[in-house]
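Structure first, then comments.
Derivation of every value follows stated rules applied to the coordinates shown; laboratory data play no part. These figures come from a predicted structure and were not determined experimentally. With ideal geometry, Cβ positions are generated from the backbone for all residues, glycine too; neighbour counts draw on all protein chains shown.
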């Protein structure tokens with residue numbers, strides 16, 4: 001299980017659920033591959049080619065590792081990807097991801113983002129915000145929403161409404177996600193902080209309840 005550590009500034013963010021999977025992969029690597037992560041890294045450091053792609057190919061061809069294992073070990077051997085298993089390093093990057101998403105011409109969107117984040121986290125203590133490079137998903141048991149700076153003037157609030165069986169208002173725009181079996185099926189387009197009002201609150205609550 002991911003250890004839920006917070007940064008000293010009490011970050012509003014939580015470790016992404018994928019960290020738990022990555023941690024389980026590391027824990028079981030010796031059983032699955034015959035070597036622990038540390039043993040693979042030591043082997044790669046002494047025998048493998050210099051570049052990441054060459055190391056991955058070397059691991060696949062020479063040791064029969066799958067693409068995911070080979071790529072991950074190659075990256076870790078070069079000091080990359082520690083944020084995949086270390087909550088503190090992930091949280092430090094999470095802050096950076098958000099700063100980059102709302103930098104430069106998109107800086108004016110930051111108040112909309114902050115308002116959406118606050119509304120999302122207020123849904124319940126079991127809601128987590130786990131930033132990625134291009135968006136900030138909100139999780140309960142699964143992803144219930146995602147906040148994305150879509151253009152210089154607009155944030156899209158994606159919502160997981162695939163289980164909703166009643167008619168939806170025209171303000172909710174289909175993302176095409178239902179047909180592709182994606183979690184996020186609809187979105188609201190927001191251009192100012194004042195747009196984060198009752199409509200947003202209502203459909204965030206619906207998405208939250210649908211994942212109960």
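On a 0 to 90° scale, report how tilted helix 110-121 is relative to the longest principal axis of the chain, with both axes built from alpha carbons and the result rounded to the nearest 10.
Relative to the chain, helix 110-121 is tipped by roughly 90 degrees.
Mind putting together the pair-distance distribution for the chain? All Cα pairs, 5 Å bins, whole percent per bin, short to long.
Bin by bin from 0 Å, the calculated values are 1, 7, 13, 15, 15, 13, 11, 10, 7, 5, 2, 0, 0.
Starting from 0.36 nm per residue, how many nanometres of slack lie between residue 107 and residue 122 once their C-alpha separation is accounted for?
Between residue 107 and residue 122, full extension yields 3.0 nm more.
Ranked highest first by average number of other Cβ atoms within 10 Å, how do 72-80, 143-151 line up?
Result, highest mean first: 143-151, 72-80.
Let me have the relative contact order for the chain, percent, based on Cα pairs under 8 Å that are six or more residues apart.
16
How many angstrom lie between the C-alpha centres of segment 160-195 and segment 64-111?
Using only Cα atoms, the two centres lie 27 Å from each other.
Mind putting together the pair-distance distribution for segment 95-209? All Cα pairs, 10 Å bins, whole percent per bin, short to long.
For segment 95-209, the pair-distance distribution reads 14, 50, 32, 4, 0.
Rounded to the nearest 500, what is the chain's calculated 222 nm mean residue ellipticity when only DSSP H runs of at least 4 contribute -39500 (n - 2.57) each, over all residues?
So the helix-based figure for the chain works out to -13000 deg cm²/dmol.
Arrange the following residues from fewest to most other Cβ atoms within 10 Å of their Cβ: 136, 200, 26.
Result, fewest neighbours first: 26, 200, 136.
Taking the mean number of other Cβ atoms within 10 Å as a proxy for protection, how do you rank 154-161, 44-51 from highest to lowest?
154-161, 44-51
What relative contact order, as a whole-number percentage, does segment 104-210 give when Cα pairs under 8 Å and 6 or more residues apart are counted?
27
Kirkwood hydrodynamic radius of segment 5-117 from all distinct Cα pairs, in Å?
About 16.1 Å for segment 5-117.
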